[in-house]
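Working notes, beginning with the structure itself.
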Amino acid sequence: MTDPATDTAFDGRGLGTERLVELYRQMVRIREFEERVKRTFAEHPGVIRGHTHLADGAEASIVGSVAALRPGDQLTATYRCHGYPIALGSDTAAMMAEIYGRATGTCGGYGGSMHLCDPERGFLGTSGIVGQGIPHATGAAWAAQIRGDRDVVLGFFGDGASKQGAFHESLNIAALWKLPVVYVLENNSFSAGVRTEQEDANAAAGEPLATKARAYSMPGVTVDGGDPLAVYDALSAAVARARAGEGPTLVESRVYRLSAHGNSIAPPGVPLHYPEHEAISRFGAVEEYEAAKRGDPVPRFRAALVAGGVLSDALARSILADAAEEMQHAVDTALAAPFPEPAAALEHVYAEAPA
Amino acid sequence: MSTHETTYIGAVMEAIDLEMARDERVLLLGQSVGGRPDDPFVQRYGENRVRVTPISETAEIGMAVGAALAGMRPVVDATMAEFLLVAMDQVVNEGNRFHHMSGGRVRVPMVLKAGYGFTAGWAGQHTGSIYGMFMGVPGLKVALPSTPADAKGLMASAIRDDNPVLFLHHYLLTLDRGEVPDGEHLVPFGQAVIRRPGADVTLVATGWTVPMALAAAATLAADGIEAEVIDPRTIAPLDTATVLASVRRTGRLVLVDQATRHASVSAVLAAEVAEAGFDALRAPIVQVTGLDAGIAYSRPMEEHVLPDEAKVVAAVRRVVEYSGTRV
Amino acid sequence: MDAEQTRAVLATMWRIRAFEERVGQLKRADEVHGLIHLSIGQEGVAAAVCGQLRTDDAVYSGHRAHGHALAKGAPMTRALAELMGRRDGLCRGMGGSMHLVDVEHGFLGATGVVGGNIPLALGTALALHAAGRDAVAVVFFGDGAVQAGLFAESVNLAALWRLPVLLVCENNGFAEFSPRSAHTPVERVRDVVAPYGLVGGTVDGNDVDAVWAAVAGLLPAVRAGEGPALLECLTHRLRGHYEGDPDRYREAVSSAEWRERDPIARLQRAATGDGRLDPDELPGFERTARDQVERAVLAARESPFPDAALAASLAYRR
Ligand SMILES: Cc1ncc(C[n+]2csc(CCOP(=O)(O)OP(=O)(O)O)c2C)c(N)n1
Ligand SMILES: [Mg+2]
């Protein structure tokens, strides 16, 4: 393993101590949020219904990506969507309330875990259908190109989504029209319980998934998604390219999802829980999973910052304590929040014309 | 109100043109859109807003969703209704869902324009009247104009609507001519129109079957049977109230629909009227629809599965002559 | 291509040419109706590819399918009867031009949905492979299909599973009324599939000897189960996208230029030039083909229209 103290260079980016600490804080907040979602299944059975997907392991990638944006930029994502709004500054209490199905939730309880959004902060929404958000990002980038304000759109999706026709069609058009979009392929090596090399010709050939960019004469880069600064660098370059009107980039961010694909799926009445990671449950790859745990991007970045003299142990502890407190508050308020009126189900079927 | 004569398809394009001139957020994309510097839309609105696309239906429609989320009002010319099926998820499970799933925080104003019902030797894959599979999709509106004036007015309303709208124009009506209001012309969604008043029987028809029903009504009038012909114009939302009120006057209902019987507007209206208007009915409801089969290529078979004027006339006679046994 | 093979390929090309020219006339006379896409100018690809296939190899095509069906062995009379909507048509008049099927001769079908045939060919390849057969599946499609999502989905799976499928792209530079440059920044289809590790290449599709050689080079490995291949044939359709297309979006090809490009004329020049064929035998190919087409027209006209009720009764297999 590389020495965390030396594999991230702090200077040269002009991020400054405060931004660096801020990046770390966002990573910790995301991790804490996801931990509390997970714990809810044990501590408050029945409170979360349906399917949740956690971003633990992808915090560095998310935070590093979002850090490359400026106000006005936008993004779309998938069902695994809790991390982005946290990095964008959305209210975690409202997010938790959404996941708990409460009227005070981000989307009033209409969306749930898979469909968070925060359009005011540029988070346009998600699709729960694999790959289908990719054209949404592409279309938003088309809108940005027409507005001519040099805004950029990030489209986040997983490795499995790169096998969807929507990926192919979108990347081709984005390259053809030189759209200001950056495709962030979070390659966590699994599509649910299928390993990437079981379903992807490039992966099977030992090639990075960024190879696919060549089919569209688009730049494709692969980056260590466990290192927020490496991600920030890759995204900054891609975003700058997009902003300059030079077209899209495919960034493959290598991450390792630390939880199972999602919580268990069961009929009502059967308590839900987070099962063991598929690496172990399906493939018996205990050592692979343990290694991923050892490479956990959150402590890794903390160690790098501490070693680089940017973060003190005391500050790191207080960041963690603050995050824990924030998420405790999120859980408490969400639990106490009212459910929507049943008849509200029929609202928002159609958008009313603005008055 | 001054009017001019134009074709059904010309009226559709006129509405798109006017709306693009009126609102620069309106965009037009599709496989047969623009693509040449001398295209009139490209000349008027520029290549940014008028874009030819590759054969990538999922991306075309998905990009419209994304552009709408980002504040634009895209119109996708999907050419033929069947091509929507390649991108079914985007049509019935993306754009239509976002407003509701976000609790009203985002909206997806977009129009999917597609032709349908081209029963002119195109065989099985390019001819369907497949609106039945879209009319029950929450969040999606569906317009089925039958006249040039409605084609213009419904398209304009579709573009101004804040929701995804599937605008289906009938290919067999493409070159039909009619008077169309000059300038701004909006036809509201969810408001059926009575094309011909009549006291003896209610005839409901959509799209290409509207002129068929009117012709049948003229034939029947010669025999003293007065049919009231109603055109719902949009099937989502569907104006059941106008149909019910008419049935309360006539006591009889014949439904004409080009779609396969079990995925038709007529099946839905039959159920609604049976439930809410049973007391007013003096005879069973009769549906004259496409048969539940694909459209065959060869002409005699193609015609066999479709409704026609004679079938409508015969159905009305059966209903009017109904005497308490079976129709 | 040796002399015998050249004769067979030339005969096939003439059969397609004569058939399609006649279909164009029948369409104008309203004896054939619906939407008709002709492949005049592209016959060399169908003839050189199918000329090296066995009956048990499966072929799929798209909307421009007449040539592929004929080259795979579909009887001309039944193909024409289908286009004329008659009972003796390949599909009893149910399908028409875009939906020809002749299972007996391994022509598993055409589809009007651009790219829709590609996954079907993969499925057939999978079935052939699973059955331990050394037959292959071949699918013809246009350059426009390459930008469709299911193309990439299919290429990935074909490569991953090493399916015995040969993808033949007839790149005529146009999809409907717009040039390839309006569809993609990637000019060559081989560059789209290269990142997936697909073998293959690009040939001049109007140079029939080159197409033949390319297929001969690729087919054995596909048949041996070494995985899929893509052959991109650069070609040119002489007619509009469909019959009746005013064709105002392309530069007209001068007749001198066309004589240069016409795959039939080119093959005839090449084969007589290098002595494979005798100049005297050339007129016979065209004459035979045109005679055969005329006989097919007469026979197809004899066939009655189908019983209309068949339309509904075939909705399900009973
Ligand atoms: C899914 C789908 N989208 C659109 C169409 C309409 N369409 C028919 S042929 C065609 C062009 C196809 O171009 P290409 O694949 O290059 O084949 P070519 O016609 O050039 O042989 C289009 C867009 C269709 N039939 N199917
Ligand atoms: Mg082409």
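Normalising by residue count, the range B:3-181 has a Cα convex hull of 110 Å³ per residue. Cross-link reach is defined here as a Cα-Cα straight distance under 21 Å, omitting same-chain residues fewer than 8 places apart; for A:LYS38 the lysines meeting it are A:LYS293. Gyration tensor analysis over the Cα atoms of the protein assembly as shown returns equivalent ellipsoid semi-axes of 50, 41, 25 Å (largest first, whole Å). For chain A, the mean residue ellipticity at 222 nm estimated from helices alone is -13000 deg cm²/dmol, where every DSSP H run of n ≥ 4 contributes -39500 (n - 2.57) and the total is divided by all residues, rounded to the nearest 500.
According to the Kirkwood relation over distinct C-alpha pairs, the hydrodynamic radius of chain A is 20.7 Å. A helix-only calculation puts chain B at -11000 deg cm²/dmol for mean residue ellipticity at 222 nm, using -39500 (n - 2.57) for each DSSP H run of at least four residues, averaged over all residues. Annotation for B:ALA21 and B:HIS262: the two label points, set 7 Å from Cα along the Cα-Cβ direction, are 4.9 nm apart. Taking a sphere under 11 Å around the Cβ of B:VAL288 and counting the other residues whose Cβ falls inside, with K and R at +1 and D and E at -1, yields a net charge of 0.
For a modelled paramagnetic label at C:ARG287, 7 Å from Cα along Cα-to-Cβ, the residues of the range C:1-29 in reach, with backbone nitrogen under 17 Å, are C:11, C:14-15, C:18. With the simple model of a label 7 Å out from the Cα in the direction of the Cβ, A:ASP91 to B:ALA271 spans 4.0 nm. Put simply, the amide H of A:VAL223, placed in the peptide plane, has neighbours under 5 Å in A:GLU252, A:SER253, A:ARG254, leaving out anything fewer than 5 places away on its chain. Less than 5 angstrom separates the built amide H of B:VAL50 from those of B:LEU28, all sequence-distant by 5 or more or on a different chain. Extension gain, C:ALA315 to C:ALA127, is 65.1 nm, computed as 0.36 nm per intervening residue step minus the present C-alpha separation. Just checking the listed ones, A:GLY226, A:GLY46, A:GLY155: in the Gaussian network model of chain A with Cα springs under 10 Å, the one fluctuating most is A:GLY46. Computed from the Cα positions only, the extents of chain C along the three principal axes stand at 56, 51, 40 Å, in decreasing order. Looking at the protein assembly as shown alone, DSSP beta bridges between its own residues are antiparallel in about 15 percent of cases. Projecting the Cα positions of A:PRO180, A:MET114, A:GLY72 onto the charge dipole of chain A (unit charges on Cβ atoms of Lys, Arg, Asp and Glu, taken about the Cα centre) puts A:PRO180 furthest along the positive direction. Site pair C:THR272 and B:THR3 shows an inter-label distance of 6.5 nm when each label is modelled 7 Å from Cα along Cα→Cβ. Connecting C-alpha atoms closer than 10 Å in a GNM of chain B, tell me which of B:SER146, B:SER32, B:SER129 has the biggest fluctuation. Judging by the Gaussian network model, the answer is B:SER32. Simple point charges give the picture: +1 on the Cβ of Lys and Arg, -1 on the Cβ of Asp and Glu, and for the protein assembly as shown a dipole about the Cα centre of about 980 debye. Taking a ≥ b ≥ c as the square roots of the eigenvalues of the alpha carbon gyration tensor, the range B:136-209 is oblate, as a/c is not under 1.5 and a/b does not beat b/c. Since only B:LEU69, B:GLY121, B:GLY103 are under comparison, the one whose Cα sits farthest along the positive direction of the charge dipole of the range B:68-133, derived from C-beta charges on Lys, Arg, Asp and Glu, is B:GLY103. Under a model in which nothing but the beta-carbon of Lys, Arg (+1) and Asp, Glu (-1) is charged, the range A:1-123 shows a dipole of about 340 debye around its Cα centre. Report the antiparallel proportion of the DSSP beta bridges in chain A as a percent, rounded to a multiple of 5. Antiparallel bridges make up about 10 percent of those DSSP assigns within chain A. Can you tell me the relative contact order of chain B? Whole percent, Cα pairs under 8 Å, sequence separation 6 or more. Dividing the mean separation by the residue count of chain B yields 16 percent. Counting only Cβ charges, +1 for Lys and Arg and -1 for Asp and Glu, the dipole size of chain A around its Cα centre is about 460 debye. Translational diffusion of chain B, estimated by Stokes-Einstein from the Kirkwood radius over alpha carbon pairs at 10 °C in a medium of 1.306 mPa s, is 78 µm² per second. Rounded to the nearest 0.05, the FRET efficiency derived from the C-beta distance between C:ASP247 and B:ARG44 at R0 = 30 Å is 0.75. Counting only whole DSSP H helices of chain C, there are none at least 30 Å long by C-alpha along their axis and with mean Kyte-Doolittle hydropathy no lower than 1.6. Take the Cβ atoms of B:ARG177 and A:ALA240, set R0 to 51 Å, and the FRET efficiency comes out at 0.40. Equivalent-ellipsoid semi-axes for the range B:193-323 (Cα gyration tensor, √(5λ), whole Å, largest first): 22, 17, 13.
Candidate cross-link partners of B:LYS141 among the lysines, defined by an alpha-carbon separation under 16 Å and a same-chain spacing of 8 or more, comprise B:LYS113. Backbone amide hydrogens, once placed in the peptide plane, bring B:HIS169 within less than 5 Å of B:ALA114, B:GLY115, B:TYR116, excluding anything fewer than 5 places away on its chain.
Specify which residue in the list A:MET327, A:VAL255, A:VAL310 is farthest towards the positive end of the charge dipole of the range A:17-336, using unit charges on the beta carbon of Lys, Arg (+1) and Asp, Glu (-1), about the Cα centre. Projecting each Cα onto the dipole axis, the largest value belongs to A:VAL255.
The calculated FRET efficiency for B:ALA314 paired with B:ALA221, based on their beta-carbon distance and R0 = 22 Å, is about 0.90.
Measuring nothing but how far apart in sequence close Cα pairs (under 8 Å, 6+ apart) lie, relative to its length, the range C:62-211 scores a relative contact order of 16 percent. Bridges between two residues of the range B:3-181, per DSSP, are antiparallel at a rate of about 20%. The order of C:TRP258, A:TRP177, C:TRP14, going from fewest to most other C-beta atoms within 10 Å of their C-beta, is C:TRP258, A:TRP177, C:TRP14. For chain B, a Gaussian network of Cα nodes joined below 10 Å ranks B:TYR116, B:TYR297, B:TYR131 by mean-square fluctuation, and the top entry is B:TYR297. The value of relative contact order for the range A:17-336, using C-alpha pairs under 8 Å at least six residues apart, is 23 percent.
Values in this text are rule-based calculations from the coordinates and carry no lab data. Remember, predicted model here, so these are calculated numbers, not experimental data. Note that we place each Cβ from the backbone using ideal geometry, even for glycine, and neighbour counts take in every protein chain shown.
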